[in-house]
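What follows is one structure encoded as structure tokens, with my remarks underneath.
The values are calculated or read from the model by the stated rules, or taken from the named source; none is laboratory data. Not measured: the values here are computed from a predicted model. All Cβ positions, even for glycine, are placed from backbone atoms using ideal geometry, and neighbour counts span all protein chains on display.
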């Protein structure tokens, strides 16, 4: 139903409405883990009151076409990744999810340090401008990376 990454504006709004609360946490967990999980595993990982609560939300994700129940056993596998809500600001590398700004922050900070350590020959007005500008850019990217990181469900 929601296969693929690109959704129309209307589909995105509908999916964001359907994916909220505990269902959103279950989706995030499956996305983060990257492997099939049973209802009991989801219940333990998210500290739900019972496996039936996890089962309900997993079935809800199945109805949305984001998760598929495995034939062998009672595990559920994420079948579709969608970029909605806070997920628009994350990049997945293997099993890890990083805020997109994290890469910008690392890149800008690395080049700022390289400039200070290797390229800055003297203390001039131009170098002072570059020092201030580099520091401000790095701080902004780190601030945004931390802000987006704190938006994740858990």
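Numbers at a glance
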item	result
Answer from 7, 93 - the residue that is surrounded by 14 or more Cβ atoms within 10 Å (Cβ to Cβ) and at pLDDT below 90	7
Residue 77 in contact with a strand residue (DSSP E or B) (Cβ under 8 Å, 6 or more places away or on another chain) and more than 22 Å from residue 40 (Cα to Cα)	no
Boolean, residue 17 is surrounded by fewer than 19 Cβ atoms within 10 Å (Cβ to Cβ), assigned by TED's automatic domain parsing to the domain that holds residue 131 and under 29 Å from residue 144 (Cα atoms)	no
All positions within the stretch 69-85 that are part of a strand (DSSP E or B) and buried (at least 19 other Cβ atoms within 10 Å of the Cβ)	76, 78
Filtered residue count, the stretch 132-154, keeping only those that are within 22 Å of the chain's Cα centre (by Cα) and assigned to a helix (DSSP H, G or I)	12
Among (1) assigned to a helix (DSSP H, G or I); (2) without any contact (Cβ under 8 Å) to a residue 12 or more places away in the chain; (3) farther than 16 Å from residue 23 by Cβ - the single one residue 59 does not satisfy	(3)
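To keep it simple, each residue is scored yes or no on (1) surrounded by 14 or more Cβ atoms within 10 Å (Cβ to Cβ); (2) in a strand (DSSP E or B); (3) touching a strand residue (DSSP E or B) at 6+ places or on another chain (Cβ under 9 Å).
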{"residue": "87", "(1), (2), (3)": "yes, no, yes"}
{"residue": "98", "(1), (2), (3)": "yes, yes, yes"}
{"residue": "103", "(1), (2), (3)": "yes, no, yes"}
{"residue": "108", "(1), (2), (3)": "yes, no, no"}
{"residue": "115", "(1), (2), (3)": "yes, no, no"}
{"residue": "118", "(1), (2), (3)": "no, no, no"}
{"residue": "122", "(1), (2), (3)": "no, no, no"}
{"residue": "127", "(1), (2), (3)": "yes, no, no"}
{"residue": "130", "(1), (2), (3)": "yes, no, no"}
